[in-house]
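Encoded as structure tokens, the structure appears first; notes follow it.
The values are calculated or read from the model by the stated rules, or taken from the named source; none is laboratory data. If you're wondering where the values come from, they're calculated on a predicted model, not measured in any experiment. Note that each Cβ is placed from the backbone with ideal geometry, even for glycine, and that neighbours are counted across all protein chains shown.
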Amino acid sequence: MKDFLDKNVAIYARVSTTRQAENDVSIPDQTARCEAFATDKGGTVVETYIEPGASATTTSRPVYQKMLADARAGNFSVIVAFSLSRLFRNALDYMKARAELRSAGVKLVSVTQDFADDPSGELALSMVALFDEYQSAENAKHVKRTMVANAKAGYWNGQKPPIGFKVVSVPQPKGKDRKKLEIDEERAYLPRFIFETYVYGTAEGPIGIAKLADLLNKRGETLDGRRFHVSNVHAILTNTAYCGCAFFNKRDSRAKKMRPESEWVPIPVPAIIDEDLFYQAQAQMAARDPKMGASAAKTNANLLTGKVTCGTTSEDGCRGGMTTATGKSGQHKYYACNTRKTAGETQCKGRWTNMKMLDDLVVENVIEHVLQPQRLSSLLSAWLEHSSQSEARDRAELKSLRSRLTMLDGESANVIGLVRKGLMSADDPQIEKELGQIAAQKRAVAADIDIHERKLADPARAITPDILDRFSNLVGSTMRDRASPLRKQYVDLLVDKVEVGDTLVRITGRRSCLARAASGTAPHMVPKAERKWCAQQESNLRPQD
């Protein structure tokens, strides 16, 4: 039956992955079947639209959109696809396209679902579109479950690796090989340079993200061929993969939003930089964030806001946060269990703790149990050992960089020697290119040498008994001064959590921040913190209200 007699026909073919398109898995078969179908019905194929590596769950496909535009322009009156699933994986998209094409006088036909051109056929096609959507959702669910399981086992799911890493195959006893990330030594210097330059600055002084992006571009560095700008430098500085932990399932690509952290899957990867350097960068970004400045201080003026939790165990509290509350028309301030306030006493019996009393208790115990010079020396012993190891690595890296600079000088001399001997002309473009590349590498290596030399020359790296004593006196007096604007900053630095129970108040803090703060010994040097200095250790009697 010549349904398409004397009609112009367009063919649409699609595959879901680029690999399928490159390997010609299904597109040639689709187009051949569609051409035979159209010819058998008397039509003339005037255009073939091929969409390689595109998902039908969205209509934001350039070839598909061009086909619709050509249909509206009247270039053809029939569109043939191998199946509706090649065009749509969403029933609503099918309904919209069918209505739009019908108004343009264009018929939509499936080779494998060739129903009658009547209301019953329309109903059947609508049911097919719904089934395709359901099948797509089921497939996505199974694929997602498999990928999450793969990530939980420590394997990489095939996304593009962060700069400085490469994907390697890991043979499996059964089934196909899996993927893992390894450090790409040829490119790992770049994230190291970015972190070290941002944290330690340049010879001209501290550097922000915008200026760092400009510096990278001036050095001739690229991010897979793209120029650096604020957003991709910031993305590198905040990517935990560089200190040993990548994450899968962070973002919902369809909804275009971040998933809750509880759904993220951590994947251990080799660390390109050490954890201290990573968190120094985070602290620096937080300190420079306008949201962390004066306006934030006004809304977070209470000393222990965000740190106090209800209960030291599940038996004497809900372990939820405690927020600020007032009594007697605002005359008294308290830390009160938020669960009790919002969900009622059936969820937690709750507690109200006098704010001033708890603040003073925490301050005095931190001064007594943490800030005494002997205690500081004990707490920082592991960090000091780590610092010595870092210094040794820096010295080894500096030696390697100096050797590299010497080699580049030799390469430059060799190229110039070819010109002097008359073996090559000074006007030869290749000579200019070689010398330019060598000069660019020498500038980059020289900048790296400058960073390492300044790090090793920084006297703040050494934490002496005198420094510990001065640090203890300075911070202790500042924390006792309720009028000091730095009081809360030092508490934020030294205290991570305050658990308030029936008979105990447990204070926990962090360790590496003590070392950086002690090495600075200046009130304005208050970095963010990241490790415990006394996890589950300091237990103090709760004050009696």
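Some notes on this structure:
- The residue pairs whose first member lies in region 435-448 and is more than 13 Å from Thr406 (Cβ to Cβ), whose second member is assigned to a helix (DSSP H, G or I) and of a type outside the set (Val, Ile, Thr), and whose beta carbons are closer than 7 Å, counting only pairs six or more residues apart or on different chains, are Leu435/Ser412; Asp448/Phe193; Asp448/Leu401.
- Among residues of region 427-441, those that are exposed (fewer than 12 other Cβ atoms within 10 Å of the Cβ) and over 44 Å from the mean Cα position of the chain (by Cα), counted: 1
- Any hit, region 343-351, residues being in a helix (DSSP H, G or I) and either modelled with pLDDT under 75 or touching a helix residue (DSSP H, G or I) at 6+ places or on another chain (Cβ under 6 Å) (or both): yes
- Just one residue in the set Asn365, Asn414 is of a type outside the set (A, V, I, L, M), modelled with pLDDT of 75 or more, in a helix (DSSP H, G or I) and touching a strand residue (DSSP E or B) at 6+ places or on another chain (Cβ under 7 Å); that residue is Asn365.
- Note on region 51-73: residues that are of a type in the set (Val, Ile, Thr) and modelled with pLDDT under 70 amount to 2.
- Sole exception among (1) touching a helix residue (DSSP H, G or I) at 6+ places or on another chain (Cβ under 9 Å); (2) of a type in the set (Gly, Ala, Ser); (3) surrounded by fewer than 16 Cβ atoms within 10 Å (Cβ to Cβ) for Ala444, by number: (3)
- Each residue in region 266-278 was checked for being modelled with pLDDT under 85 and within 13 Å of the chain's Cα centre (by Cα), and 0 pass.
- The helices (runs of 4 or more DSSP H) found entirely in region 139-247 that carry 1 or more residues being among the charged types (D, E, K, R) are 189-200, 209-218.
- Considering region 368-407, the residues that are modelled with pLDDT under 75, hydroxyl-bearing (Ser, Thr, Tyr) and under 30 Å from Glu186 (Cα atoms) include one that is surrounded by the fewest Cβ atoms within 10 Å (Cβ to Cβ), namely Ser388.
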